[in-house]
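Notes for the one structure printed next.
What follows draws every value from the coordinates through simple rules; no lab data is involved. This is a predicted model, so every value here is computed, not measured. FYI the Cβ positions are ideal-geometry reconstructions off the backbone, even for glycines, and counts take in every protein chain you see.
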Amino acid sequence: MKTDKGLRFDVELLSPGYDQGLLEKLLHRIKGLSASPEVIVKSYPCIIAANISGSASKKLQQYLGQIGARVAIRNHTNSSHSLPEGSSPTDAVPRHVASHPSVQRHSHTAIPPKQAVPISSEALPSVRRSSSAPQASQKQTQTVFDMASSRQTLATTSITLKRSVGELTRALEDKDWTVREHAIIELSAVPSDSVLRHLIKALKDDVWRVRCTTLEVLSKNGSEIAMREMSKCLRDDVWHVRYQAIESLSRLQSDKVIRPLMLALDDENWQVRQRAIQALGDLRSNRALGGIVACLRDDVWHVRESAAKALAKLRSEKSVKALINSLQDPNWRVRSMVLSALWQVGTERALHALIDALKDEEWIVHWKAAYTLGKIGTGNLFSLLTWMERDRNALLRDAARNILRSLEIVVEPRPRSLPRLEYRSEDPYANMIYIPAGKFVMGDDAGPENARPAHDVFLEGFLIDVYEVTNYQYTQFDSAHHYPPGMECYPVVNVTWEQASAYAEWIGKRLPTEAEWEKTARGLEGNKYPWGPDFDVAACNTQESGMHSLTAVNQYPGGRSSFGAYDLFGNVLEWTSDQYQPYPESPHDSPDYQEQFIILRGASWIHAGLQYSCATRLYAPPENRSNFIGFRCVRDLKETPRRD
């Protein structure tokens, strides 16, 4: 068949020749086929290449003729592959789907094109480059020719069925919009700046899908001219084009696109506004801050949500006030995204707002507040909160104390682990509380002689266990420790002072001093009992309670100290780190001061609570083991050296 210059042709495979496996192998070397080699081999006779030049069609015919395949060249008509105006731009390229071979047995059968799918007016535009069907891995086929003639030597070079630049630019004038779109896509692969003017001209095409495809192609150019022309499309009549213009400009990653993107924040279509906010957030420029903050008041919640997400990326203190106001947004999705933004900003006001959001009426919002609080970096947060807690400003002090009470301070049972903050910890009995720095009154002038005189003691801030160390926790340290079933959350007992000290060192803590224990128990008010001035039989496990045995470490919430620690009075006595010595300026003398006994604090289940108080000092030899003696640990806020 004669192939005149300028005409376009289709190539049809009529028969596969003497070996289908070899045919498939040859087809894998050809770029630009209408379908994958596997589909073609199963679907002949069929069109295997469409809308190609005469020289390319003849080359393909000769190439496949090496193995006896019969190939026909036919005139190409645009109408055979055109799609209706309502179809998707991704359907413009004829992506052939083969039928079963038994159905297609006439010489002019082509693999039918994919059906057009109408685009919903609510759907976001999705402009994608067309490509040939995916090609499978080549089969490893050994071919034996039982031919009378000698074996033929097959060509091994790949051939490409691409059009020349001249052919592509002529195709931009075609009446069929799908042909114009294909030409634009092919031009994007041409490594030349000479095609830029043709692409810019295509931005004025009367079909909006062609304009969208051109914008996508121009985003790969990145020149000043291309950027300027893409910015003009933000005024296009079709919102899909404006959306694609924002998408293409965002790919340039240049501060020069900020100004046109800011103008798009006032677009009449909410999807365009939303995409502009997302693009500005990705650029992370404070020049866009004012415009994004204004979008927190948009009528559409999707836009407000995207604005909060973009502000999270900017991490600007200037946006915190607007974000906090948005915690009153009627849409829970917006409030949830605002919490993420506040967490990433991470200032004092932002942290306070996260705490307040724990009271949100929507469960998923207060869950999100808890989740974000649990992700706060422990080291920075501790230094910030302890600084705030000592500040002269009452608002800052209250905010810091509120946060420290709302979060759980956890040290995992492993060597040298650092404390961290969580909303809910995995082991609730591993929590610690913060005891602020400052003076308190230690001792009691009306108490036992060894607890006199009352005197002021200054302590630095420290962390102390909320609960006494449990059986479960001690087992992580000493696997040989055994206890009755069901008593995992009971205090560990029958441990010596040395064993208690060893556990504390292993977990990265230490035993409390006598003064630290008493401050935690009495509070800043100097209470006689952790809960107040008067004894309460319902607040502790002492002889008066009638239990006559150990109880779980969390059984008496009414007996907590003002700082929030449990069982500082009752259940078990607790080891401290101090030897038994008289207080400074105490007139009391005892031979026991010379015996290197260790101070024990609190009362236990065997003691009569009315005879004791938080100021009572008991003591025992360090090797003592008893079923009414346990311990709790403390942690310094500053790292102290520990031996390896």
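Couple of notes before you dig in:
- Distant-in-sequence amide H partners of ALA49 (H built 1.01 Å from N, under 5 Å): VAL11, SER34
- C-alpha center-to-center spacing [region 161-204, region 277-352] in angstrom: 42 Å
- Overall form of region 547-644 per C-alpha gyration tensor (a/c, 1.5; a/b vs b/c): oblate
- Under the shape rule built on the C-alpha gyration tensor, where the axes satisfy a ≥ b ≥ c, region 435-636 is rounded, since a/c falls short of 1.5.
- Multiplying the residue separation of ARG251 and ASP282 by 0.36 nm and subtracting their alpha-carbon distance yields 10.2 nm.
- Near GLU574, the amide H atoms lying under 5 Å from its own belong to ARG601, GLY630; only residues 5 or more places off or on other chains count, and H is placed 1.01 Å from N.
- Between region 500-530 and region 217-269, the alpha-carbon center distance in angstrom: 64 Å
- Shape class of region 491-562 from the alpha-carbon gyration tensor: oblate, with a/c at 1.5 or above and b/c at least as large as a/b.
- Between ASP456 and MET487, the distance separating the two model label sites (each 7 Å from Cα on the Cα→Cβ line) works out to 4.6 nm.
- For region 535-549, 3J(HN,Hα) computed residue by residue from phi via the Karplus equation (6.51, -1.76, 1.60; θ = phi - 60°) reads 5, 10, 5, 7, 9, 7, 9, 10, 4, 5, 6, x, 6, 6, 6 Hz, glycine and proline entered as x.
- The residues HIS548, HIS302, when put in order of fewest to most other Cβ atoms within 10 Å, stand as HIS548, HIS302.
- Rounded FRET efficiency, nearest 0.05, which uses the C-beta distance separating GLN66 from LEU196 and R0 of 35 Å: 0.30
- Between LYS175 and LEU7, the C-beta separation translates, for a Förster distance of 25 Å, into a calculated FRET efficiency of about 0.95.
- Net charge of Cβ neighbours under 12 Å - reference LEU314; Lys, Arg +1; Asp, Glu -1: +4
- Applied to region 209-222, the Karplus parametrisation 6.51 cos²θ - 1.76 cosθ + 1.60 on θ = phi - 60° returns per-residue 3J(HN,Hα) values of 5, 5, 5, 5, 5, 5, 4, 5, 5, 5, 5, 8, 7, x Hz, with x for Gly and Pro.
- Taking other residues whose beta carbon is less than 14 angstrom from the beta carbon of ARG297, and scoring Lys, Arg as +1 and Asp, Glu as -1, yields -2.
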